[in-house]
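The values are calculated or read from the model by the stated rules, or taken from the named source; none is laboratory data. Fair warning: this is a prediction, and the values are worked out from it, not measured in the lab. Note that each Cβ is placed from the backbone with ideal geometry, even for glycine, and that neighbours are counted across all protein chains shown.
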Amino acid sequence: MNKSGRILSVVILVFAIAATVMSFILAQRRNEFRDRSDKLASTTAAICKTMDENSSTNLKATATFIPADPATKTPDSGTLSWPEYHKGKGPDGQNAAFNDTLDKAKAMAKELQLQRDYLADQLAEIGKILSMPEDQIKLTDLKNLKELKPAARYKEAGQSIVSYAASVRARDDAMIQGYLKAATTIGNPLEEKGFRERQADADGAAAFAHQAAIDDFNTNVTNLFTRCNKYADSIVQGIESVTNSNMAWSTNKDMIKDPKEYQGALDTLATDYKKIQDQLVLFDAEKAKLEKKTQEYEAVVVALDKKTKDLQKEKEANTELSDKIAKLEKQIKDSGLNSGEFQPKANLHGKVLQINSEFQFVVLSLGRTEIREPWVLLVSRGEGKNAKLVARIQVSKSFQNHSVAEILPDIPVNAKNPIHVGDDVYLIKP
């Protein structure tokens, strides 16, 4: 019995020692398990918080964890903590809220992965649309997460496409400004909004409405080009049409249409135009002289025509006067009167009726019953002491009621003292 008791005591002691060892080992394992659980919960909460940033899912509010603090004997807390998990277990032994939080976290991670892949694919497609070289569009690197550091490949790949897009945008802006400046230069300005506005098409997709502005610009440039060609053709035709032997063109007309050499041709054309202008000035001077000579000639022709008409009138008047004299002579002859039998009246007095300064004769109021040729008469003006001798005249023909007398040159008749109609005529006996 004693022997059996001793053996039992030894066995009990062994079991006690084993139980103590096992309890220590279990306590260590329990602490390791708890530490691992806390790290998993903390990491899950941190991942949910990171995924929730700028996502508007509020996942970080449903996935929380605060580790236990042994110093203050504060237990862990939060939706991912052991107390919350244990308290929320249902009859089936599962915690529905805990599982739902983990499912949301997994769904969020999957959505982020899909979004990442979609954005990477779209970013690569943008690179292709912008005609970026395909060897520079590294789609694999856009999705690469192997190198989690600032110089990760996805950053370099993304920055490469962004940089290329910025270069394309800068090129487009420069081209738009070039269009606007060129349009203003040719006198047909365009509005910048015509290149930058977007309009929805029938499917609702918005696209830039730049084509209308470009078409307007192309039309204006074409019109300008056509106008310039017509100007050049006109200049060439002008050069060809001026064939004056005194004008030697220094302009090379074949260079007028040359887009590189036209300026030199225009410079020499300006010199040629100056020569033409100088010749036109001389022409105008000669033309003015000719016009003056023509006017003088026309004045002489007018004066000569007037003299001719006046002479014709005088000739007609002389013919008429000769006819009258012939008739008077015939009447005198028929009447039997003659100069030898005719005696002048005492105090004979008459008046000047008409004057012909060109042929130097006057017509008197005395007829053949009062005077005879070649009697000499005195022409005077004024009465009494104021009477002045004007001229001496000699009767050349006497008619029934008037006579014609020539003005004698011994008393010159001038502009200051001419014979007037109405002057007195007195007889000097022959």
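Annotations for the structure displayed:
- For segment 114-144, taking the residues that are touching a helix residue (DSSP H, G or I) at 6+ places or on another chain (Cβ under 7 Å) and of a type in the set (Val, Ile, Thr), the one that is surrounded by the most Cβ atoms within 10 Å (Cβ to Cβ) is identified as 137.
- Some residue of segment 228-241 being surrounded by 12 or more Cβ atoms within 10 Å (Cβ to Cβ), under 30 Å from residue 190 (Cα atoms) and more than 22 Å from the chain's Cα centre (by Cα): yes
- Of the candidates 308, 271, 294, 251, the single residue that is part of a loop (DSSP other than H, G, I, E, B) and more than 23 Å from the chain's Cα centre (by Cα) is 251.
- Of residues in segment 65-80 being touching an Asp or Glu at 6+ places or on another chain (Cβ under 9 Å) and not charged (D, E, K, R), the one surrounded by the fewest Cβ atoms within 10 Å (Cβ to Cβ): 75
- Unmet requirement for residue 8, which otherwise passes all of (1) at pLDDT 80 or above; (2) of a type outside the set (Val, Ile, Thr); (3) outside the structural domain of residue 111 (by TED's automatic domain parsing): (1)
- Restricting attention to segment 183-199, the residues that are in a helix (DSSP H, G or I) and surrounded by fewer than 15 Cβ atoms within 10 Å (Cβ to Cβ) add up to 4.
- Note on segment 90-113: among residues that are at pLDDT 80 or above and in a loop (DSSP other than H, G, I, E, B), the one that is surrounded by the fewest Cβ atoms within 10 Å (Cβ to Cβ) is 91.
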